[in-house]
1. With a 10 Å Cβ neighbour count serving as the proxy for reagent exposure, in which order, fewest first, do Leu203, Leu18 appear?
2. Quick check for you: which residues of region 27-70 have the amide N under 17 Å from the point 7 Å beyond the Cα of Arg76 toward its beta carbon?
3. Test of understanding: in a Gaussian network model of the chain with alpha carbons linked when under 10 Å, which of Phe86, Phe21, Phe179 would top the mean-square fluctuation ranking?
4. Show the residues, 5+ positions off or on another chain, whose built amide H is closer than 5 Å to the amide H of Ser210.
5. Angle check, please: helix 11-21 long axis (alpha carbons) against the longest principal axis of the chain (alpha carbons), in degrees 0 to 90, nearest 10.
6. How many nm separate the modelled label positions at Ser133 and Ser194, each set 7 Å beyond the Cα in the direction of the Cβ?
7. Can you tell me which of Gly51, Gly98, Gly78 moves the most in a GNM of the chain? Springs connect C-alpha atoms under 10 Å apart.
8. Divide by every residue of the chain the summed helix terms, -39500 (n - 2.57) for each DSSP H run of at least 4, and state the resulting mean residue ellipticity at 222 nm, rounded to the nearest 500 deg cm²/dmol.
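Laboratory data are not the source of any read-out in this text; all were calculated from the coordinates shown. On a predicted model such as this, the values are computed, not experimentally measured, just so you know. Here the Cβ is made from the backbone with ideal geometry for all residues, glycine too, and neighbour counts use every protein chain on show.
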Amino acid sequence: MSERDLIDFTPELRRRALEIFGQYRHGPIFTPPSEQGTIVMPGNIGGAGWGSTSYDPTTHTLYVKATENPALYRIRKGVPNDTIGFEYTVDLTRAALGVTADPDSGKADHTPPDVLPLIKPPYGTLTAIDLDSGKRKWQVPLGDTPGIRNHPLLRGVTLPPLGVAGAVGGTVTASGLIFATGGGDVLYALDTRSGRVLWQHALPAGRGYSNPITYRASNGVQYVVIATGAGEQAELVAFAVSGRSAPASSR
């Protein structure tokens with residue numbers, strides 16, 4: 001990770017990001033943890049998760065949902081009462097990696113806004129990889145992060161596609177579509193050849209926490225089903241697919 005990865009939406013956010021970045025050790029991949037604290041990219045919940053890939057056996061293409069998310073690793077001397085003979089242990093924290101540039105933060109009655117990520121977007125991507133050659137076919141931001149896009153410190157700022165953090169993968173169909181949320185609250189249908197979004201639908205119960213599944217019913221209709229929400233608000237949402245046209249939904 002380097003300075004070119006840091007947030008630059010506004011000059012003040014960039015200044016704060018550089019200030020935070022300078023407090024810790026950083027470098028290329030495999031830079032080890034340190035007592036000072038080492039910023040690692042991707043972090044422990046960054047990169048690709050175990051369930052975030054799908055495969056098209058016809059085109060030999062792997063589709064990978066990845067999260068761009070750094071983490072801070074710090075080593076500290078072991079404590080005899082809570083370690084098993086280790087001289088040093090590793091602490092993980094992300095608390096120091098948020099950026100705040102709030103001009104009103106000194107006011108007694110002011111509540112500072114939530115911090116912004118230390119790094120630039122996209123925070124979530126979908127990548128198509130040709131397994132015959134090992135080369136990347138395309139990569140696109142997947143999803144959006146409203147909490148960042150609508151952040152009070154970014155009012156009036158034109159933002160690029162943000163993507164969404166999450167380890168939720170997609171499902172490929174024989175018709176050339178891949179269905180995915182990326183962990184966000186919108187289900188997308190993308191063209192497997194280009195990554196272009198062909199259709200999208202906001203999920204009524206919130207985030208899609210699972211990879212979609214697809215099947216063809218006895219009536220000949222193909223369905224895409226996804227689990228959304230959590231707890232008592234959780235729902236299964238089904239969409240009927242007809243070729244490459246926009247699916248219709250039911251709950």
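1. Details: Leu203 20, Leu18 14.
Listed from fewest to most nearby Cβ atoms, that is Leu18, Leu203.
2. Under cut-off, by backbone N: 33-39.
3. Phe86
4. Amide H neighbours of Ser210: Ala227.
5. 70
6. 1.9
7. Gly78
8. Roughly -1500 deg cm²/dmol at 222 nm, from the helical runs in the chain.
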